[in-house]
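Remarks on the structure that follows.
Taken together, the values in this text are just the output of simple stated rules run on the coordinates, not laboratory data. Fair warning: this is a prediction, and the values are worked out from it, not measured in the lab. Please note: Cβ atoms are built from the backbone with ideal geometry, for glycine as well, and neighbour counts cover all protein chains shown.
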Amino acid sequence: MEKNYIPEWVLLNNQVIDESGQLKDLNKDKEAVRAYFLNEINKKTQFFHSLKEKLDYLIENDYYESEFLEKYSHEQIQEIYEIGYKAKFRFPTYMGAFKFYNDYALKSRDKKVFLERYEDRLAVNALYHANGDFQLAKNIMKRLIAQDFVPATPTLLNTGKKKRGEFVSCFLLEAGDSLNDIARVSEFSMQLSKIGGGVSVNLTNLRAKGEAIKDIPNVSKGVVGVAKLLDNNFRYADQMGQRTGAGAVYLNVFHSDIEDFLNTKKLNADDDVRVKTLSMGVIIPNKMVELARENKDMYVFYPHTVYKAYGIDFADVSTNMDYWYDKLVDNPDVKKRKISPRRLFDMIASLQGESGYPYLMFVDNVNKVNPLSMPVKFSNLCTEILQPTVTSHYADYDKHDEDDIGMDVSCNLASGHMGNMIRHNTIKETVFAAMDVMNSVSTNTNIGYVPAVAKANRMNRSVGFGIMGHHGYIAENYILFGSEEDIDLVDVFFNLVNYYSLVHSMEKAKATKLKFYQFESSHYASGKYFEGRGAIYPKTDKVKELFKDVAIPSDEDWAELKANVMKYGLYNSHRLAVAPNGSIAYVMSATPSLTPIKQLIEERTYGNSKTYFPMPALDTSAFMYETAYKIDNYKVIDVIATAQKHVDQGISFELGITSDVTTKELIKYYLYAHYQGIKTLYYTRTQKLKIEECESCVV
C-alpha cells in the first residue's frame, strides 16, 4: 500500500465539510461508515462457523480468560450474544466506528485481523461483570447495546482478556514529607504509569523550600524538585512508548511554595524548574477568597514548622483554614510570610490563559457538602474524583519498623448517555446496571503494589457514575444551553440518578451486610444527608413533555429510602462523578460530559489523515448549538452547579474562553463558580481569536 494512501472511507468522511471548514454534507459521514465496514472491518474480521468455535479459539489461544465463561451454560452465553446481534446496532458516525475498532476491539497479535465485533466486546463485559448471574448479564447487555451507558475505557477495553491491563486507570496518592514517603510515592507513580494509569499526587505535606531537615536550616528543596521528579517519572514509564504517562500534582495555596509551584508551568520558565507534561492543580480554601475580597494580606506557611508545632500533616491543617488560619498566624513557632491573595489570583488567571493550568479545587465547597466524617483534600487528573485520603508514612526498613498505611484512591467509573436514558425510559435500569459493573470492577481490582490504594478500595468500594450527551440531547430537543428549560432538565434528571444510585447501594449493603468504612459516622447514617432532598418534578412544559413517561420518586419514596439507608447502610462510600469522557463519547456518538461542545464538527488527526466528528442532529438542530467559546460562561456555571447539588463527588468542568478575555474577567468566573458551590474547575481552554472576530483588530 502506498505510504500516502488515504482510504475511501476517510475521503468520504472528509467530505462532510467544505474547503472553508463549514458543514457540507452529513450523508457523507454515513457513507463513510458503510464503506469502512464493507471494505475494512468485514474483510479483516476472523470468520468462525459458530460462537462455540469462536470462544474455544479465543480461550485456547490465550486471548480470553475461561473462568468467567465457565460460570454460564453455553445456551446462556449464546443468549447474551444474541441480545447484542438482534439489536442490529449500527454506528451512526464514522468516528464512533473507527474509535471502537481502532482502540477497543480485540485484534490478532499481529494487529491485522479483528477477533471481535462491537457486540462481542459488550457481551464479554456483561458476562464477566455479572459474575455468573445470568439475569444480571442480560440486564447489563441490554443497557450496553442500547448505548444507555458504557464502562470507563480501561474496563471496556480489558474485561475478559487473558493478557490485560487493569480495569481502572485513575489513581490519587497523598505524599508524606519524609524522603521514604517521597521515594515510595515516586515508585508508585511509575508502577501505575506503567499500566497506563493517570496519577494525581498531593504535595501539600512536603516541607517548603528552605525549611530545615534534621534541624539543619535552609536545606529543603521544596515541592518543585519533587514535581520535577514526578514529571520525569511519568515520561519515563510510558507503557513501552505506546502512551505518554499522565500525572498531576496538587498544592494548597497556603503552602509557602505556591508561587514557585505555579511558575513551573510558565511557558518561559527555566528548564531547571519547568514541568513539561505534568498537570497541576491548586487547592483553594474559602479563607483565600475571603482575604482577596477584603484586599488583605494573606500568610502562607512552612509545613514542617506546622507539623512540629501541632503534630498534624499540613494537608490536614490546610483543608480547614477557617479553623486553623488565625492559630497559625498567631503562633510564633510557625514560620510564615505575607503575599497578596489578589496578586495570587491574578497569577492563577494569567497562567490559565497561557497554559490552561492550574486546575482549581474549592476545598470548602467540597467539604461543606461532604457526607463523610473524613475530609477531602485534593482531586484527580480530571477533577471529578473527590474522596477522602489519609497520608501514608513509610518506615526505615533497616530498623524493622512497620509502615503506617493510609488511604489512597482508585477510580471505578462508568458513564451514562443522558439522551438515551431519557428516550428509552431506562434511568433506573441504567444506573443499576452501571453500578453493578462498577462494583464488579472494584471487587476485581487489587492494586497490591500500592497498598494504600488497595486498602481504600477494599474498605470504601467507591465508584463514580457520570453522564455524557447533555448538549447533544438538548440541541435535538430545541433547548438552549443554560436556559430555564435546561436547568429544569438537569435538576430533574440528576435527582433521579442520585436517587437510584442510593437505592442500589442500599440494596447491595442490605444483601451483603457490608457497609463502607466509617458509615456510622457519616451524614447518611444520621439522616442529615437527606435533609432538603425529595421529589423534583419538571416545571417547564418542554421538560414535562420529555419526562411524561418517566416515573419520578415521590417525597414518600425519598423518606422510605432515608429510613432504609439509616437501617441497612450503603455499600459504596461514593457513587457519582462526572468525568470528561472525551474518547469514549466518540464510541457512544455523544457530546462529552455536561459542558458545551467546542466545535460543531470536531477534527482529529490519526496517522496521515484527518477525521471529522459531526455533533448529533446537525441536520435538524445545528442552529441550537452554541460553542463553549461563544456561550455565556455564567450559564455554563449555572448548569454545572445545578447538577452538582445531586453529585456526591465532582464534575469535570472546562471553561472555554477567547484570547481577549482578561484575567479580571477570568477571576470573576472563578468567584461566581465558588459562590454557586462549584467544587472543581478542570482546564480553561482558550480559543485564539481570528482577525475578523476581533473587533479591536478591524481597523
- Task: On a C-alpha basis, how far is the centre of region 491-542 from the centre of region 47-118 in Å? Whole number, if you could?
- Result: 36 Å
- When Lys and Arg each count +1 and Asp and Glu each count -1, what net charge do the other residues less than 15 Å away from PHE378, Cβ to Cβ, add up to? -4
- Which is the longest part of the chain that has none of the GluC sites (Glu not before Pro) sitting in a DSSP loop with at most 12 other Cβ atoms within 10 Å? 68-293
- Note on the structure: Counting only backbone N atoms under 16 Å from a point 7 Å out along Cα-to-Cβ of THR620, the residues of region 1-41 in range are 26-27
- Task: Report the local net charge at ASP177: Lys and Arg +1, Asp and Glu -1, summed over other residues whose C-beta lies under 10 Å from its C-beta.
- Result: -2
- One finds, for PHE48 and ALA183 with R0 = 56 angstrom and r their Cβ-Cβ distance, a FRET efficiency to the nearest 0.05 of 0.65
- Item | For region 170-409, with +1 on Lys and Arg beta carbons and -1 on Asp and Glu, the positive-most of VAL226, GLY281, MET347 along the dipole | MET347
- Nearest 10 degrees, 0 to 90: helix 633-644 Cα axis against the chain principal axis: 80 degrees
- Query: Once the Cα atoms of helix 223-236 and of the chain are each reduced to a long axis, what angle between those two axes, in degrees from 0 to 90 to the nearest 10, is obtained?
  - Reply: 20 degrees
- Item | Pairwise centroid distance, computed over Cα atoms, of region 164-214 with region 1-39, Å | 44 Å
- Message: What distance in nm lies between label points placed 7 Å from Cα along the C-beta direction at MET566 and TYR449?
- Response: 4.7 nm
- Cα-based helix-to-principal-axis angle, 134-145 vs the chain, degrees rounded to 10: 90 degrees
- Note on the structure: What helix-only [θ] at 222 nm does the chain give? Using -39500 (n - 2.57) per DSSP H run of at least 4, over all residues, to the nearest 500, the answer is -12500 deg cm²/dmol
- Message: Assuming 0.36 nm per residue, please report the length gained on full extension of the stretch ARG458 to GLN76 beyond their Cα-Cα distance.
- Response: 134.4 nm
- Item | Distribution of pairwise C-alpha distances over region 170-409, 5 Å bins, in % | 1, 7, 14, 19, 21, 18, 12, 6, 2, 1, 0
- Task: Report the FRET efficiency, 1/(1 + (r/R0)^6), for ASP18 and HIS424, where r is their Cβ-Cβ distance and R0 is 35 Å, rounded to 0.05.
- Result: 0.50
- Note on the structure: The pairs in LYS194/LYS598; LYS30/LYS142; LYS209/LYS377 lying past 27 Å Cα-Cα in this model are LYS194/LYS598
- Stokes-Einstein diffusion coefficient of region 277-366, Kirkwood radius over Cα pairs, 37 °C, 0.692 mPa s, in µm²/s: 234 µm²/s
- Potential extension, ASP549-TYR323 segment - 0.36 nm per residue separation minus Cα distance: 76.5 nm
- Item | Residues in region 413-438 that a label on SER483 would reach, taking backbone N under 18 Å of a point 7 Å out along Cα→Cβ | 419
- Query: Which FRET efficiency, nearest 0.05, do ALA212 and ASP660 yield, Cβ-Cβ r, R0 60 Å?
  - Reply: 0.80
- Mark the label point 7 Å from the Cα of LYS194 along Cα→Cβ and return the residues of region 215-236 whose backbone N is within less than 15 Å of it. 233-236
- Message: 7 Å from Cα along Cα→Cβ at both GLU67 and LYS163: what's the point-to-point distance in nm?
- Response: 1.9 nm
- Task: Of the listed pairs LYS214/LYS336; LYS99/LYS635; LYS28/LYS630; LYS287/LYS664; LYS52/LYS138, which have alpha-carbon separations greater than 26 Å here?
- Result: LYS99/LYS635; LYS28/LYS630
- So how strong a dipole does the chain carry about its Cα centre when Lys and Arg Cβ are +1 and Asp and Glu Cβ are -1, to the nearest 20 debye? 620 debye
- Based only on Cα atoms, what Rg/Rh ratio does region 1-154 have, Rh being taken as Kirkwood's radius? 1.03
- Quick one: if you stick a label point 7 Å off each Cα along the C-beta vector at ARG343 and SER583, how many nm between them? 4.2 nm
- Considering the values [x] 91, 59, 46; [y] 87, 72, 46; [z] 78, 72, 60, which represents Cα extents along the principal axes in Å as calculated for the structure under consideration? [z]
- Between beta-carbons, use under 15 Å as the cut-off and find the net charge around GLU259, counting Lys and Arg +1, Asp and Glu -1. +4
- Note on the structure: Expressed in angstrom and rounded, the centroid-to-centroid distance over alpha carbons for region 614-691 and region 368-393 is 24 Å
- Message: Among LEU328, LEU381, MET421, which residue has its Cα furthest toward the positive end of the charge dipole of region 319-474, with +1 on Lys/Arg Cβ and -1 on Asp/Glu Cβ?
- Response: MET421
